[in-house]
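The values are calculated or read from the model by the stated rules, or taken from the named source; none is laboratory data. Note that this is a predicted model, so its numbers are computed, not measured. All Cβ positions, even for glycine, are placed from backbone atoms using ideal geometry, and neighbour counts span all protein chains on display. Note: areas computed on protein heavy atoms with side chains; ligands, DNA, RNA excluded. Shrake-Rupley method; radii C 1.70, N 1.55, O 1.52, S 1.80 Å.
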Amino acid sequence: YGDFILLENLSFSTKWGFDYYQLNEHSYDPVTTRQGARYNGLGIEAGSRVLNLVSNNVMKYFTTIGKHNLNLMAGYSFEKYNRQRNYIRGTDFPNENFEWIASAATIQEASVTNLDRGLNSFFGQAKYNFDDKYLLTVSARADGSSKFGENNRYGFFPAASVAWIVSEESFMENVDFISELKLRASYGLTGNDGIPDFSSIGLYAGGYNYNEQSGIAPIQLPNPDLKWETTRQLNIGADIGIYEDRLTLILDYYSKKTTDLLLDRPIPPSSGYSFITSNIGEMENKGVELGLAGDVIRAGNFTWNASLNISANRNKVTKLYNDQPIDDIGRGGNRVEVGEPIGIFYGWRALGVDPSTGDIVFEDLNGDGQITADDRTKIGNPHPDFIGGFNN
């Protein structure tokens, strides 16, 4: 990294990072082991190599004119990631003295994969405060990800916040027990690209054997319109300090609306595919957060500080493609359904155990005398009612 003072109020900083990771694996199970006996000797050669380059470059300017304070920032960052993997699995070795893959009579599996991924961002921010009482911050960023289609590779995410430090006002001078009172509000957009690489393009796989001739086959439908998932968040809060911050209280209310949810949309099996990654839904989160901290004892060389925080969030899916539920995501038979929290547990409702057989008895919801997929229902919510912590 490097920091450069270009002018009295103008600076430039640049940071570069490079990660290199290499793993080589050789393993051999001879016929004298349980695993090796199954295959008349089992050998594996594998390797991984990862290269990751990141850079962050920021220009900053600040000035003060009387009671006016202004800070400006603009920057550019990027990340370049490459990963290569190889794997060879061989069986049927002459004896335990020949443990390298070249001695295997049968190559059961051999593969080499390569992945390139890129992310670059342009960002800027302006901070203004007047007399250290009234604060305004405006920011924006444009992020481009190689995971998305050509039509929507970049997403634009602005934000703004305001704050009023009430305790600095003249009418608060005689309110001795309040050491800090700050009211604040913010609204902004953030983006999410948390999907597998190549989700937006049509994929083909090789290695298929047609009449002893090599071939390829399509394995994924393209979606060139795939784009960033966007969350719009409103936050209103207050920071309160009492008796020289002997006791501090932080209150927050937030409301988040997520659009263009990145989900695997089910499609008819007759198409030859089971799903296509799409922007197909909307979701909302609303909640409150409370933080309370205080010095139980503040005397000489001994202090005892305690803090408590608690939050409650309510999540609901508000829109899907044709309001069509998505089943069996994750590991718990989870479902995405309009009007419900995302990822609800969806399955059969257990009534108990049959003492004569020891089998679980499930509820026959449709009354047809059989337990089928039509009898599944919502059986749980994976999201907690409250989250909290206590520190001493």
Please give the net charge around G43, taking every other residue with its beta carbon less than 9 angstrom from that of G43, where Lys and Arg add +1 and Asp and Glu add -1. -2
Most positive-pole-ward Cα, T318, H68, Q125, against dipole of the chain from beta carbon charges: H68
On the full set of protein chains, 1.4 Å probe, figure out the accessible area of I387 and give it in Å² to the nearest 10. 100
Would you tell me the accessible area of T14, worked out with a 1.4 angstrom probe on the heavy atoms of the protein chains, in Å² to the nearest 10? 20
Mean residue ellipticity at 222 nm from the helices of the chain, using -39,500 (n - 2.57) per DSSP H segment of n ≥ 4 over the full residue count, to the nearest 500 deg cm²/dmol? -500 deg cm²/dmol
Radius of gyration and Dmax for the chain's Cα atoms, expressed in Å? 29.6, 93
Rank these residues by their accessible area, most exposed first, probe 1.4 Å: E169, E96. E96, E169
Ignoring any ligand, DNA or RNA, what whole percent of the accessible area of the chain comes from carbon and sulfur when the probe is 1.4 angstrom? 54
What's the local net charge at R246, with K and R +1, D and E -1, over the other residues with C-beta under 12 Å away? -3
What accessible area per residue comes out for the chain, rounded to a whole number of Å², with a 1.4 Å probe? 63
Of all stretches in the chain that avoid trypsin sites (Lys or Arg not before Pro) placed in a DSSP loop and having at most 15 other Cβ atoms within 10 Å, the longest is 134-245
If you find the alpha carbon centre of the stretch 137-172 and of the stretch 312-359, how far apart are they in angstrom? 35
In nanometres, the difference between 0.36 nm per residue of separation and the alpha-carbon distance of T14 and S311 is 103.1 nm
